[in-house]
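Asker: The structure that follows is given in the form of structure tokens.
The values are calculated or read from the model by the stated rules, or taken from the named source; none is laboratory data. All values reported here derive from a predicted model rather than from experimental measurement. Every residue, glycine as well, gets a Cβ built from its backbone with ideal geometry; the counts of neighbours run over all protein chains shown. All accessible areas refer to the heavy atoms of the entire protein, side chains included, with ligands and DNA or RNA removed. Shrake-Rupley method; radii C 1.70, N 1.55, O 1.52, S 1.80 Å.
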Amino acid sequence: MSENMEQFLELSVSPLIPSLPDDVTLDIVARVPRSHYPTLSLVSKKFRKLIASPKLYKRRSQLGITQHRVYALLRNRDSGDCRFYILHQKLNSRNRLVIVRSLPPVSSRGSFVSVGSKVYVFNDVDALCIDCASHTAQPIPDMPQRISATPMPSRVANVIDGKVYLIGDSRFTFDRGMSWRKTVMVLDAETQTWEPVIRKEDMRVGPLWSDAVVMEDKICMRGIRESYSIVYEPKENKWEMNEVLNSKDWEGGCVVDDVLYYLDCSDKALRAFDPKQSRWSVVNGLDEFLAAETTQSKWANVVKYGEMKLALFFLKTHDGKKVICCAEIALERRQGGEIWGKMESFDVVIEDGGLFDVMKCVAVTV
């Protein structure tokens, strides 16, 4: 069938489903699992437009049937390109990381955070807002020149109560030598506007952060070159060091229910830091799995994947070649404060693991 004939037929039948009003069709499609949307988009151009429409995802949210989706930023070692991949469940129920071709390459140096169904990108090249419902990217509006025009080798973004806190480092010289100025700006994700207040703090610590998370409405940052963890409390504009948090190299971590988790590749243990108890512990129940599967892993990334659940990405050797794997792990707090983990699924998500580096993982609600 020619394209012109297809367009004519679609115009001649106004409703998406001829026997139903479009608002009823919208409700039906909203209840369909999102994993089937790529197939539905092939039905017609009108269905393809519906699948990409914000109305559909707003209705899904109203019905309370949103889903958690995980995205990974992978850097191709040959080309140097960094692209977004989505953790996609195939029809055979096996998870795979699939490239999102409609999203542009981005710089690997920076910070990537999610608010609802959007991912915010801040680095040395990009300041983007990615809509994960439509897989489109737009520049972040009205970024103040005072920070966007200032050379900053390191930027950290985190989210507290729907607001994106962007912390940038810039170097300056004073009478005792070299130091770093930390500039904090706040973007309201709902209104897409920047708050007028720019907070600055001169510190000897910084820059170059290997990771940053939010616990108890505080931003915790881990230094990449030195052994330090610095904590920023926005309400009081207060900075402090945390020696207990400092005692572990928690790169590639995530926070679930106000507890920080990361994979200790040296000891093959999933570690947890509870800020209320101010102590580290080991997640029980995963010893055999981690010892068997992560023996050769030198890096790992964990990301929150729903309520009391995380996804663990790591590199391993399988049948003589390197592959990237993903394990979905359910978490449970038991009496006495112990945390237990149960592996729910385990898949090879990238076959050519030696060709890629996992730079960052983020989770959204769509």
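Asker: In Å and from the alpha-carbon atoms only, list the Rg and Dmax of segment 270-366.
Answerer: Spelled out, the Cα radius of gyration and Dmax of segment 270-366 are 14.4, 44 Å.
Asker: I want the local charge near Leu26. Using Cβ-Cβ distances under 11 Å, sum +1 for each Lys or Arg and -1 for each Asp or Glu among the other residues.
Answerer: Details: positive: Arg31, Lys55, Lys58, Arg59, Arg60; negative: Asp22, Asp23, Asp27.
In short, +2.
Asker: Of the peptides 112-119, 42-49, how do they stack up when ordered by the mean number of other Cβ atoms within 10 Å, highest first?
Answerer: 112-119, 42-49
Asker: Hey, another quick one. Kindly report the accessible area of segment 36-126 per residue (heavy atoms of protein chains, probe 1.4 Å, no ligands, DNA or RNA), in Å². Mind dumping the intermediate values first?
Answerer: Details: 4790 Å² over 91 residues.
For segment 36-126, the solvent-accessible area averages 53 Å² per residue.
Asker: What is the percent of Cα-Cα separations in segment 202-356 that go past 19 Å? It would help to have the intermediate numbers written out before the result.
Answerer: Details: 6530 of 11935 pairs.
Here the long-distance tail beyond 19 Å is 55 percent of all Cα pairs in segment 202-356.
Asker: Continuing with this model, one more query. Mind giving me the FRET efficiency for Ser266 and Asp27? R0 is 51 Å, r the Cβ-Cβ distance, nearest 0.05 is fine. Before the final figure, lay out the partial values.
Answerer: Numbers: r = 52 Å, r/R0 = 1.01.
After rounding, the FRET efficiency stands at 0.50.
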